[in-house]
Amino acid sequence: MRSEKLYDALTEVDGALVDEAAAPAEKQKKKRAVRLRWIGAIAAVLAAAILLTAVLRPGGTGGLTAYALETPSYPAAAPYPDVNALMSGGEVDQEAFTAAFDAWSSDRWQRVSARNRYSADDLHDYLAAVIPAFLGGHDGENVSCSPTNLCLALAMLAETTGGETREQILSLLGVSDMDSLRALANNLFLANYNDDGAMKSLLASAIWLRDDLDYKAETLKRLAENYYAASFRGTMGSEAYDKLLRQWLNEQTGQQLTDQIGSLSFDPETVLALTATVDFSKQWYVEFQPERTEDGVFHAVGGELACRMMRQDVDSAGFYYWGERFGAVTLSFKEGGETRFLLPDEGVTPEALLEDSEALAFLLTQNCQNWENSKNLIIHLSVPKFDVSSQLTLDQSLRELGLTDAFDPKTADFSPLTDTEGVFLSELRHGTRIAVDEKGVTASAYTIIPGAGAAMPPDEEIDFTLDRPFLFAVYGEDKLPLFVGVVNQP
Amino acid sequence: MNDLEIIALFEQRKEEAVAAAARKYGGYCQTIAQNLLGIEDAEECVSDTWLAAWNRIPPARPASLRAFLGGITRTLSISRFRSLHAQKRGAGLTLMLSELEDCLPDPKGVEEAVETRALARLLSDWLRGLPREDRVLFLRRYWYGVTVKQLAGEAGCTENQMAQHMRKLRQALRGKLEQEGIAI
């Protein structure tokens, strides 16, 4: 009987879902809300910032101030209902709770709708080009980047440029025209923008103009509307403008990149700069139990390193994926999204994997379920806790990917933004920090019972131990790689 | 006694493990088995649950002991149902399986079979994408075997409204399975 097959499969759905349904939803609403107190529990903290700087060949400054020209209206993200604020006479006010829940649910629906208006395939060629280009050539070092972040920065750059300069950007992004790009950037932003108290994924962009640069207000308006970009104007090289820049970057990255932003300042010759940031933190769907974390050894290129190894047994929902030269597992986040860990085979470096078309295909597949080489196994997973930062200068890589005109004072065309001639892009810096750990909910009953229980343990098991350099990619709900990196030293 | 302590007893091969699990989750497993098979056969399934758990832990180390034990009860219930071949004795399960037929795409033209666990994974993903209320409703009906009447009572709607809603959920699942090209 076919329905029995479905029954069997249902028996093996994720134990966390089964636990959730043990009582009617109404009763559970209270329970879920109570969990909010523990939302500080963070499994992955990630931040990225991109700074694109353009200069004017002749140079020259004036003015003394730093101020905002355009401030975008960010999308609404109603907070996840806070039961503590909804208590009335010792009981949860159900009516108020329902209203708060519906508001949250409605805003979440906006994000889901935006996500459904594009697919990872739309950016496949761009991702396949930039990931190896940015992460390659850093043998032995930790390195990471945010392709989504860079995509938004490049989209803004396309909006401020014209002619062949713009065409080269569109070509790299694999987008045919500006209308398509605006729609894509807008949806990408909406799908990834959320700070409802239960999770955080915040994107932000800004354009920084030198005070004596003439500018076209309609372009700044378009940047605010389509890219949620703020516009600032001030004296390049002045302490006030530098301070504003650092303050803005620190705020947008949740103070995660303070070391890298540190003494960042504008060169007096800069005429305009674009910044794009991501601030992201999410909890694992099934958290690692802190009491299982132990001292471990990581076999780095330069020798053995001590690390703290987190352990988890992934059973019913555990899938092991493999290719010619790698093995991989995925770990889901609460409320969607996942991290994929790719462990190169012995003797293969993560850098070599970046050049491997099969490994790249695995990173870019929207749905791992469709990956041919996969097997449902009990996975004894060991992941080192890591907190890696990297600072990249991407100018040369982008030139090699065909983005040449923007960097050349003779060919750069910034006419949609300004009538001033001779403006060109001088540098593009990209900073990221990614921290992955098990913690969060110490001393909370809700974490002691993580939910990956299996009804029928599979016959085969595998140890998947990330104790040598590996690749990872963090995906938002849209299954686009928000961050990709190589951990050589956890 | 908390779940980690119960699991530790199983791992140390101490028979108190069974008593502790039965004390804590006996009612839970009994409800599942009773929903699926009726009172008559439920008790035997539940007592078999503890033996099966004893045989599986170790090496299994369930992240959720409750879902692990409930899953065993479900598996034993369907086995018992199959062996009985007497559908009248498992009226609840018969009805539930017949409803689940609605979710299955037409097999014509679809050749590839999908392994149960791959299907379980797909079901988990589909469930995670549902609004929470629907996810809980679906699993209460088709994992726990709670009757439509009882679900209606819990949700404060009529049985007919609940039946309509469940049908929509089944159709949604059918759509998902068709979209994924799943043949069962």
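Where a number appears in this text, it was derived from the coordinates with a stated rule and is not lab data. Keep in mind that this is a model prediction, so the values were computed, not measured. Neighbour counts are summed over all protein chains in view; Cβ atoms, including those assigned to glycine, are modelled from backbone coordinates with ideal geometry.
Take each residue in B:133-142, count the other chain C-beta atoms within 10 Å of its C-beta, and the mean is 5. If Lys and Arg each add +1 and Asp and Glu each add -1, what is the summed charge of the other residues whose beta carbon sits under 11 Å from the beta carbon of A:MET236? With Lys, Arg at +1 and Asp, Glu at -1, the neighbours total -3.
Here A:LYS282 is the anchor, and the aspartates and glutamates within straight C-alpha reach of less than 14 Å, apart from those fewer than 8 places off in the same chain, are A:ASP195, A:ASP196, A:GLU335, A:GLU338, A:ASP437, A:GLU438, A:GLU477.
What is segment A:70-217 by shape, rounded, prolate or oblate, if you read a ≥ b ≥ c off the alpha carbon gyration tensor as root eigenvalues and call it rounded for a/c under 1.5, prolate for a/b larger than b/c, and oblate otherwise? Here segment A:70-217 falls in the prolate category. For a straight C-alpha distance cut-off of 17 angstrom, the aspartates and glutamates reachable from B:LYS24 (same-chain residues fewer than eight places away being disregarded) are A:ASP19, B:ASP3, B:GLU5, B:GLU15, B:GLU16, B:GLU43, B:ASP48. The overall shape of segment A:173-260, judged from the alpha-carbon gyration tensor, is oblate: a/c is not under 1.5, and a/b is no greater than b/c.
In terms of packing, defined here as the mean over residues of other Cβ atoms within 10 angstrom, the peptides A:237-244, A:73-80, A:126-133 line up highest first as A:126-133, A:237-244, A:73-80. Taking K and R as +1 and D and E as -1, what net charge do the other residues with C-beta under 12 Å from the C-beta of A:GLY254 add up to? So the surrounding residues net to -1. Taking the number of other C-beta atoms within 10 Å as the exposure measure, put A:THR71, A:THR161, A:THR418 in order starting with the fewest. Ordered from fewest to most neighbouring Cβ atoms within 10 Å, A:THR71, A:THR161, A:THR418 come out as A:THR71, A:THR418, A:THR161. Within the shell of other residues whose beta carbon sits under 12 angstrom from the beta carbon of A:TYR193, the net charge comes to -2, with Lys and Arg scored +1 and Asp and Glu -1.
Treating r as the C-beta distance of B:TRP54 and A:VAL301 and R0 as 35 Å, the FRET efficiency rounds to 0.15.
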